[in-house]
1. Out of Thr37, Thr17, report the one residue that is at pLDDT 95 or above and surrounded by 10 or more Cβ atoms within 10 Å (Cβ to Cβ).
Amino acid sequence: MEVLNLIDNGKNPDEFTRDLLNNCIAKNQITKGKVDTFKDLRGHLLEDLEHTFPHEVEDYRQRRI
């Protein structure tokens, strides 16, 4: 409906599509950054836990497979 309204108002629907896609790409990049950060945090936590609780972390890793 928004595209049809833009056309009725004499505006270019390609600009609407471009802006919509750019917005989606930006949100995707933000989400990807968050996911990557949590993956890094998980890795660091496992490293620290492995130094303190080596047997428990080994059991955890075997169960995750």
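1. Thr37
Yes or no, residue by residue, for (1) within 30 Å of Asp59 (Cα to Cα); (2) without any contact (Cβ under 8 Å) to a residue 12 or more places away in the chain; (3) acidic (Asp, Glu):
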position: Glu2; (1), (2), (3): no, no, yes
position: Asp8; (1), (2), (3): no, yes, yes
position: Lys11; (1), (2), (3): no, yes, no
position: Leu21; (1), (2), (3): no, yes, no
position: Thr31; (1), (2), (3): no, yes, no
position: Asp36; (1), (2), (3): yes, yes, yes
position: Asp48; (1), (2), (3): yes, yes, yes
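The values are calculated or read from the model by the stated rules, or taken from the named source; none is laboratory data. None of the values given here were measured: they were computed from a predicted structure. Using ideal geometry, Cβ is built from the backbone for each residue, glycine included, and neighbour counts are taken over all protein chains shown.
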